[in-house]
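For reference, the structure discussed in these notes is given below.
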C-alpha cells in the first residue's frame, strides 16, 4: 500500500493553501496513494511562534466539520483515498490542535486533538490550544487502522503505546519541526523506536520553509515496524513523500510476536508510581522514597 506525506510550505492566504492541498491529494492519488497526510497547521503560517497576549484568535480557527474538512471529504470520496489533515479547530470558545481523519468514502471518522500542549520559545502553544479531550483513538479506514499522534504527543511513550495496544497499523504524526531543534539523529530515532516497540508503521509529515522566527526542516519520513526508515523527504524543499508499505510486516514484527505477548499490564500502575512499585522500607541499594527527581540537582564525587 502506498502512502503520501504532503510537505508544502503554506503561504499567507488560507484559501490558496487549501487549494494547493487539494491539488496535492489529486497528485498523490494519481500516483497510487491510498492515504495522504498533512503536517501540523498545514494551511496557515505557524502562528504559535508568537505569544498570544489577549483573546484567542478564533477568527483563524474553524469548526470540524467545516469548510476545510468538507472540501477534503468531497475529494476523498471522489478519489477513494483516506486523508489525515491538521488544522486549528474551534469549538465554542475553545480551540484545539486537531487532525480530522477522513475515510475513502468521504466519511469524517472523527478528530484527534493534541493532548499535551507545549510552552517554550517559539512554541507558545498553551496560549492557543486547549488540551485534547478525545483520547487517543484509532480509526478503521480503507487504508487500515490509523492512529494520529500530533507533534508534541509523540514524545510521550504512553501515547505511542496506547495506539499500539489498539492495534494501529499506521501512526501519522503531523509535525512542526525546525532545523536543528533536536540532537543529531534523535528526530528519526524517536519514531524508529516507537515503530519497533509497538509494531506499526510511523509516518511523520513535517512543515518546511522559512517563517518569521523559525525555519522548518522538512525531511518527512516513514518507518516500518522493524524501526527501519523506508522513505525520507528532502530538507528545505517542498515535496510529496511516498512510501510503499508491506502490511504483512505488522504480524511478524517483534512487538506483535513477542513484546505484547510478554508484557505485564497488571504491574503498569505501580511502575508509573513515583516509587516505581517499590514498597517503603530499608534500602537494598536502590533509591527509595517518594521524592520526584530534580533535574537541576547534581551529585558530585570527591
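Laboratory data are not the source of any read-out in this text; all were calculated from the coordinates shown. These figures come from a predicted structure and were not determined experimentally. A quick note on method: Cβ atoms are made from the backbone with ideal geometry, for glycine too, and the neighbour counts reach across all protein chains shown.
Just to be sure I follow: if Rg is taken over the C-alpha atoms of the stretch 83-232 and Rh is the Kirkwood radius over the same atoms, what is Rg/Rh?
That ratio is 0.95, to two decimals.
Can you bin the stretch 180-237 into rounded, prolate or oblate? Criterion: square roots of the alpha carbon gyration tensor eigenvalues sorted a ≥ b ≥ c, rounded for a/c under 1.5, prolate for a/b above b/c, oblate for the rest.
Numbers: a/c = 2.86, a/b = 2.06, b/c = 1.39.
Taking the square roots of the gyration eigenvalues as a ≥ b ≥ c, the stretch 180-237 is prolate.
For the stretch 121-197, what Kirkwood radius comes out of the mean inverse Cα-Cα distance, in Å?
Numbers: mean 1/r = 0.0725 Å⁻¹.
Final number for the Kirkwood radius of the stretch 121-197 is 13.8 Å.
Among 50, 151, rank each residue by its count of other Cβ atoms within 10 Å, from fewest to most, as a rough exposure measure. Don't skip to the answer; put the middle values down first.
Working: 50 14, 151 26.
Arranged by neighbour count, lowest to highest, 50, 151 become 50, 151.
Comparing 77, 55, 33, which has the greatest mean-square fluctuation in the GNM of the chain with Cα pairs linked when under 10 Å apart?
Residue with maximal mean-square fluctuation among 77, 55, 33: 55.
Mind jotting down a quarter of the surface of the convex hull over the alpha carbons of the stretch 2-267, in square nanometres, one decimal? List each step's numbers first, then the result.
On the way: hull surface 54.0 nm².
Spelled out: convex hull of the Cα atoms, projected over all directions, averaged, 13.5 nm².
Any chance you could give the angle, 0 to 90 degrees and rounded to 10, that helix 186-198 forms with the longest Cα principal axis of the chain?
It is inclined by approximately 80 degrees.
Taking neighbour Cβ counts within 10 Å as the exposure measure, how do 98, 252, 49 sort from fewest upward?
Values: 98 27, 252 12, 49 17.
Listed from fewest to most nearby Cβ atoms, that is 252, 49, 98.
What angle do you read, to the nearest 10 degrees and between 0 and 90, between the alpha-carbon axis of helix 67-79 and the longest principal axis of the chain?
80 degrees
Comparing 13, 228, 113, which has the greatest mean-square fluctuation in the GNM of the chain with Cα pairs linked when under 10 Å apart?
13
How tilted is helix 14-30 with respect to the longest principal axis of the chain? Cα atoms for both, answer in degrees (0 to 90, nearest 10).
So the inclination is approximately 90 degrees.
Roughly how compact is the stretch 87-146, stated as its Cα Rg over 2.2 N^0.38 Å to two decimals? Don't skip to the end; give the middle numbers.
On the way: Rg = 13.3 Å, N = 60, 2.2 N^0.38 = 10.4 Å.
For the stretch 87-146, the normalised Cα radius of gyration is 1.27.
Gaussian network model of the chain, Cα springs within a sub-10 Å range: biggest mean-square fluctuation belongs to which of 64, 274, 208?
So, out of 64, 274, 208, the one fluctuating most is 274.
FRET efficiency for residue 2 and residue 58, Cβ-Cβ distance as r, R0 = 30 Å, nearest 0.05? Kindly include the intermediate steps, with their values, before the conclusion.
Working: r = 37 Å, r/R0 = 1.24.
The value I calculate is 0.20.
Once you place label points 7 Å from the Cα toward the Cβ at residue 50 and residue 273, how far apart are they in nm?
Each label point is offset 7 Å from its Cα along the Cβ direction, giving 4.9 nm.
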